[in-house]
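> My questions will all concern the structure given below.
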């Protein structure tokens, strides 16, 4: 599940929460309920890829990797996050060797 960092556009406001992307508690563009001045902004968060465990994947932007992991898990719901990362690492490494 992707997560979003929700925060207020007002630099003096303390509102900042990390929530699931499908939350209905906070909506991007709404007026901040803490300061009533700024608007709510959202920024996607992705886990960093461990470069020692997945050196090939670490070369790519985390959004690309996690989107690919999501697609693999949609095709086969039994695929764990770690299995998807291992498969992607092997596939990309093999592609690099062939080019």
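> Any residue at all in region 83-99 that's at pLDDT 90 or above and part of a loop (DSSP other than H, G, I, E, B)?
No.
> Pull up region 17-64, narrow it to residues that are assigned to a strand (DSSP E or B), free of Cβ contacts under 8 Å to residues at least 40 places away in the same chain and within 17 Å of the chain's Cα centre (by Cα), then point me to the one that is nearest to residue 87 (Cα to Cα).
Restricting to residues being assigned to a strand (DSSP E or B), free of Cβ contacts under 8 Å to residues at least 40 places away in the same chain and within 17 Å of the chain's Cα centre (by Cα), the top hit is 20.
> Could you look through region 17-45, keep only residues that are over 25 Å from residue 63 (Cα atoms) and out of contact with any strand residue (DSSP E or B) (no Cβ under 7 Å at 6 or more places or on another chain), and pick out the one that is surrounded by the most Cβ atoms within 10 Å (Cβ to Cβ)?
Checked region 17-45; the qualifying residue surrounded by the most Cβ atoms within 10 Å (Cβ to Cβ) is 37.
> Just the residues that are assigned to a strand (DSSP E or B) and surrounded by 13 or more Cβ atoms within 10 Å (Cβ to Cβ), please, taken from region 1-16. Spell out how you get there, then give the answer.
At the first step, the residues of region 1-16 found to be assigned to a strand (DSSP E or B) are 3-8, 16.
3, 4, 5, 6, 7, 8 - these are the residues of region 1-16 that are assigned to a strand (DSSP E or B) and surrounded by 13 or more Cβ atoms within 10 Å (Cβ to Cβ).
> Continuing with this model, one more query. Any idea how many residues of region 51-63 are closer than 14 Å to residue 89 by Cα and modelled with pLDDT under 90? Walk me through how you get there before you give the answer.
Pass one, region 51-63, residues closer than 14 Å to residue 89 by Cα: 51-62.
Going one step further and asking which of them are modelled with pLDDT under 90, we end up with 61-62.
Final tally of qualifying residues: 2.
The values are calculated or read from the model by the stated rules, or taken from the named source; none is laboratory data. Quick caveat: nothing in here was measured; it's all calculated off a predicted structure. Glycine gets a Cβ as well: all are built from the backbone with ideal geometry, and neighbour counts include every protein chain shown.
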